[in-house]
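The values are calculated or read from the model by the stated rules, or taken from the named source; none is laboratory data. Source: prediction; values computed, not measured. Positions of Cβ are backbone-derived with ideal geometry, glycine not excepted, and every protein chain shown enters the neighbour counts.
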Amino acid sequence: MASLFFVIFVPNLNNMKRILLLLSLAFVATSFRAQVLPTWESINQRGYPQWFSDAKLGIFIHWGVYSVPAFASKEGYAEWYYRGLMTSDDRKAFQERIYGKDFQYEDFVPMWKAELWNPDEWAELFEKSGAKYVLLVSKHHDGYCLWPSQYALGWNSVETGPHRDICGELTEAVRKHGLKMGFYYSLPEWTSSIHRWYVDPDDDIAEYVDTHMIPQFKELIERYKPTVLFTDGEWRNSAEQWHATELISWYYNTVGDDAIVNDRWGNGGQHGFRTPEYSAGITLTDRPWAECRGLGRSFGLNRNEPIENYMSSDELIRHFATLVAAGGGMTLNVGPAADGKIPLLQQERLLDLGKWLRINGEAIYGTRPFKKFYEMKPVTVARNDKQIDFDWKRNSPDPAISCDHFQAHWQGVFSCQADTYTFEIQTDDRARLLIDDQEVIGNVGKSSQGKMKLAAGQHKIEVFYEEDELEATIALFWSSKKMPKQIMEGFQMGAMLPAMGLKATYSCEQPNVCYTQKNGTVYAIALDYPQDELVLNLDRPDDSMRVNLLGCHKTLPWRYENGKLIIDTSGLNYGDLQSTAAWVFKLTQSGL
C-alpha cells in the first residue's frame, strides 16, 4: 500500500521545531491508507502481505479444557472431545468409565491448572524451530476463551482454570522473540445458549452472530491486534451469514498492512490464504497457502495415539519441503498437556526441523515455485491385512504413502457355503470388487452393493481402491439370507497358502526431488541421498553454472547428457553432510 509523503517548509521555525513538524507530518502520511471496503472486490484488491508467503513455517497451538482428558480414538481429533460427548461416541464412554456418569465437561475446567506453563519457553522453542509466526487457538468450538472475554463470563481462562490471560501472555512472549502472533477463532460454538452448533437449525444464527460472535470477535482483535487470523467452523453456513466481508475489511483496517486472514469464512467466501488440512499439499498458486497439521493425527493432545501416528523428524522435513516446492507452507501444530508442557517428542521434532532450516533455510524462506515442482518416483508398500475395514481420516495407510492420491489393491481367497451373497463397499472415493475375476461392484464411490451366487468352497477375491483427497475410508461387508451383514474376514493369502489375511499393495507417486527458486538461483532438494550422482530433468544450463551442497564448501562437478543434468556427488564425504532427511543442492545460474 503506497503511503503519502509531503514536506512543508516554514522558514521562521528553528531546527528542532522543523524536525518535530516533519515527524508529525510523516506520522500522518504513513498512517494514511486507503480503507478496505466490505466487498470481495475491495478485499481482494488489498491482497496479501508478502511476509506470509516468505515465512513458510508457522506454529499452531491447540490447548484448552479438552487438554485435560486429552482423549479421542487413535485417529481422532482430541480437541473435538465435547462433540464426542454430544454424539455419545467413545469419548463419552471413556469419560463415564474414568470420571463417572455424573461428570460433566465443565468439571474439567478446574483441573486445567497450567501449573508448568511458561510462555517464554514456548516462544523460544518456536523461534528455534524456524517458525516465523504463531497461531494460538483463542477459542475452539467449545466456546471457552483464553482471554478475559466479557462475552464468555465464567467460561474463560482468566476467571477459571489457569486464571491467566493466555492470549495476552503468549502474544507478548512471541513478539519479544521476533515472531508474528496470530489467533485461531471458532465462529460457531457447541455451548452457546443462543445457538448450539450442530444442534440448532443452521439458518437460525443471526442473533448469535449479531449479539455474540461479532462483538466477541472485535473484542479479541482490538485487544491484541493479531497479525494472522484463522477462522474455522464456517462450513454449515454462508459467508454472508457470517458477515465475512464486513469482518475481514474491519480487521484489515484495524490491524494494518501486515494483517492476513485464512479462507474459512463460509460458503461463497472469496478471500484468504488456503488451509489444506492433513493433506499431501496442493498445487494452486493463485493465493498464499499453508497446510495445517499436527505431528500426529490430532491437533489437541491425544494420549490414545500410538507412536506410529507421529511423523518422524525426517518425514516432517521431507513433507515440509514438498509443500514449499509447490508454493505453500505449513502451520505445524503442537498439542501441549494440561500442565502447559509441550510433550518432549513434539519438542524434539520442532528442534530437528529448526536445525535443518539453519543449514538449508536459504532454499526455503522467501523462495518461489520453480517452473516444475518435483521429480517424482513410484512408491509401493506391501503388507498383510486381516480385513478391509479402514478409516484413515485424512492420513495414509503407511508413512511412505502419500495422504492423497494413492491406490490400494487387496487379493486373496475366502471360503463360504453355497448361497447368494450381497457384497457392499462403503468408501469415500472409488472402489471395485471382483470375485473369481467377475466384477461384482464397479468403480463407483460411496456405498455400493452387488450380488453373486456362489458355490460352496474357496473363491478368489480382489478389491481395488482409489483415494482422491481428504478423507480416506473403505470397508467391505457381506451378507445373505442366512448371515447378517458383517465385515468380511477369514481370508487366506492364496488357495495354496495357509497364511491368513489379504495380500495388500499400496502405491502412489512421491517426490524424490523438490525445486525452489530465489533471485535467479534454483535449489534442488533431494529427499533421497544421491550416493554417486543426482539426476535432474532440467533444461541445459550455461557452462558457467556452479553447484554447491548447502552446508558444504565444495563445488560439485556436473555434466549434461541426454536431456538430463547429472551432478557428481561421489566426491562428498560423510563429514561434508551437515543435514539429514533432505539435502539441498544450489544451482547458481539465471538461465535455469
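So for the stretch 295-303 (the condition being in contact with a strand residue (DSSP E or B) (Cβ under 6 Å, 6 or more places away or on another chain) and either crowded, with 22+ Cβ neighbours inside 10 Å or of a type in the set (S, T, N, Q) (or both)), does at least one residue qualify? Looking for residues that are in contact with a strand residue (DSSP E or B) (Cβ under 6 Å, 6 or more places away or on another chain) and either crowded, with 22+ Cβ neighbours inside 10 Å or of a type in the set (S, T, N, Q) (or both), one finds at least one in the stretch 295-303, hence yes. If you go through the stretch 398-409 and pick out every residue that is within 18 Å of M488 (Cβ to Cβ) and either surrounded by fewer than 16 Cβ atoms within 10 Å (Cβ to Cβ) or within 25 Å of the chain's Cα centre (by Cα) (or both), you end up with 1.
A29 meets all of the listed conditions (1) modelled with pLDDT under 95; (2) part of a helix (DSSP H, G or I); (3) over 30 Å from D257 (Cα atoms) but one, namely (3). Looking at S544, S570, just one residue is part of a loop (DSSP other than H, G, I, E, B) and modelled with pLDDT under 95, and that residue is S544.
Would you call A123 in a loop (DSSP other than H, G, I, E, B), assigned by TED's automatic domain parsing to the domain that holds R297 and among the small types (G, A, S)?
No.
Does T331 fit the bill of being in contact with a Cys (Cβ under 8 Å, 6 or more places away or on another chain), among the polar types (S, T, N, Q), outside any loop (DSSP other than H, G, I, E, B) and not assigned by TED's automatic domain parsing to the domain that holds D404?
yes
Take G154 and tell me if it is loosely packed, with under 14 Cβ neighbours inside 10 Å and part of a loop (DSSP other than H, G, I, E, B). The answer is yes for G154. Scanning the stretch 547-561 for residues that are out of contact with any helix residue (DSSP H, G or I) (no Cβ under 6 Å at 6 or more places or on another chain) and either modelled with pLDDT of 95 or more or surrounded by 12 or more Cβ atoms within 10 Å (Cβ to Cβ) (or both) yields V547, N548, L549, K554, T555, L556, P557, W558, R559, Y560, E561.
Could you tell me whether any residue of the stretch 236-258 is surrounded by 16 or more Cβ atoms within 10 Å (Cβ to Cβ), in contact with a Leu (Cβ under 7 Å, 6 or more places away or on another chain), in contact (Cβ under 8 Å) with a residue 60 or more places away in the chain and among the β-branched types (V, I, T)? Among the residues of the stretch 236-258, not one is surrounded by 16 or more Cβ atoms within 10 Å (Cβ to Cβ), in contact with a Leu (Cβ under 7 Å, 6 or more places away or on another chain), in contact (Cβ under 8 Å) with a residue 60 or more places away in the chain and among the β-branched types (V, I, T), which makes the answer no.
Any chance the stretch 501-509 includes a residue that's buried (at least 17 other Cβ atoms within 10 Å of the Cβ) and charged (D, E, K, R)? Yes, the stretch 501-509 contains at least one residue that is buried (at least 17 other Cβ atoms within 10 Å of the Cβ) and charged (D, E, K, R).
Among residues of the stretch 410-442 being part of a strand (DSSP E or B), exposed (fewer than 14 other Cβ atoms within 10 Å of the Cβ) and polar (S, T, N, Q), the one that is nearest to the chain's Cα centre (by Cα) is Q438.
Yes or no, residue by residue, for (1) within 19 Å of the chain's Cα centre (by Cα); (2) crowded, with 24+ Cβ neighbours inside 10 Å; (3) over 27 Å from T211 (Cβ atoms):
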{"site": "D54", "(1), (2), (3)": "yes, no, yes"}
{"site": "Q95", "(1), (2), (3)": "no, no, yes"}
{"site": "Q104", "(1), (2), (3)": "no, no, no"}
{"site": "E115", "(1), (2), (3)": "no, no, yes"}
{"site": "W122", "(1), (2), (3)": "no, yes, yes"}
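Among the residues of the stretch 271-294, those identified as among the aliphatic types (A, V, I, L, M) and surrounded by fewer than 19 Cβ atoms within 10 Å (Cβ to Cβ) are I282, L284. On inspection, R91 does not qualify as surrounded by fewer than 22 Cβ atoms within 10 Å (Cβ to Cβ), of a type in the set (K, R) and more than 24 Å from M213 (Cα to Cα).
When S479 is tested against (1) surrounded by 13 or more Cβ atoms within 10 Å (Cβ to Cβ); (2) in contact with a strand residue (DSSP E or B) (Cβ under 9 Å, 6 or more places away or on another chain); (3) touching a residue at least 60 places away in the same chain (Cβ under 8 Å); (4) polar (S, T, N, Q), exactly one condition is not met: (3).
Working only within the stretch 75-95, note down all residues that are in contact (Cβ under 8 Å) with a residue 24 or more places away in the chain and among the acidic types (D, E). Selection gives E75, E79.
Would you mind stating whether K74 is touching a Ser or Thr at 6+ places or on another chain (Cβ under 9 Å) and of a type in the set (K, R)?
Against the criterion (touching a Ser or Thr at 6+ places or on another chain (Cβ under 9 Å) and of a type in the set (K, R)), K74 does not qualify.
Just checking: which of the strands (runs of 3 or more DSSP E) contained wholly in the stretch 481-541 hold 3 or more residues that are of a type in the set (S, T, Y) and over 30 Å from Y574 (Cβ atoms)?
502-518
In the set (1) under 19 Å from E219 (Cβ atoms); (2) buried (at least 21 other Cβ atoms within 10 Å of the Cβ), the condition left unmet by K180 is number (1).
Out of all the residues in the stretch 96-112, is one or more touching a Gly at 6+ places or on another chain (Cβ under 9 Å), in contact (Cβ under 8 Å) with a residue 60 or more places away in the chain and closer than 30 Å to E169 by Cα? Checked against the condition, which is being touching a Gly at 6+ places or on another chain (Cβ under 9 Å), in contact (Cβ under 8 Å) with a residue 60 or more places away in the chain and closer than 30 Å to E169 by Cα, the stretch 96-112 yields at least one hit. For the stretch 61-73, the candidate set comprises residues that are crowded, with 24+ Cβ neighbours inside 10 Å and assigned to a loop (DSSP other than H, G, I, E, B); within that set, the residue that is nearest to the chain's Cα centre (by Cα) is W63. Taken over the stretch 173-192, the criterion of being more than 25 Å from the chain's Cα centre (by Cα) and either β-branched (V, I, T) or not in a loop (DSSP other than H, G, I, E, B) (or both) is satisfied by K176, T191. Inspect all residues belonging to the stretch 444-453 and state whether any of them is in contact with a helix residue (DSSP H, G or I) (Cβ under 6 Å, 6 or more places away or on another chain), surrounded by 13 or more Cβ atoms within 10 Å (Cβ to Cβ) and either at pLDDT 95 or above or assigned to a strand (DSSP E or B) (or both). No: the stretch 444-453 contains no residue that is in contact with a helix residue (DSSP H, G or I) (Cβ under 6 Å, 6 or more places away or on another chain), surrounded by 13 or more Cβ atoms within 10 Å (Cβ to Cβ) and either at pLDDT 95 or above or assigned to a strand (DSSP E or B) (or both).
Considering G76, G58, the condition of being modelled with pLDDT under 95, of a type in the set (G, A, S), under 28 Å from S396 (Cβ atoms) and surrounded by 20 or more Cβ atoms within 10 Å (Cβ to Cβ) is satisfied by G76 alone.
Summed over the stretch 304-341, the residues that are more than 30 Å from T516 (Cβ to Cβ), among the polar types (S, T, N, Q) and crowded, with 24+ Cβ neighbours inside 10 Å give a count of 0.
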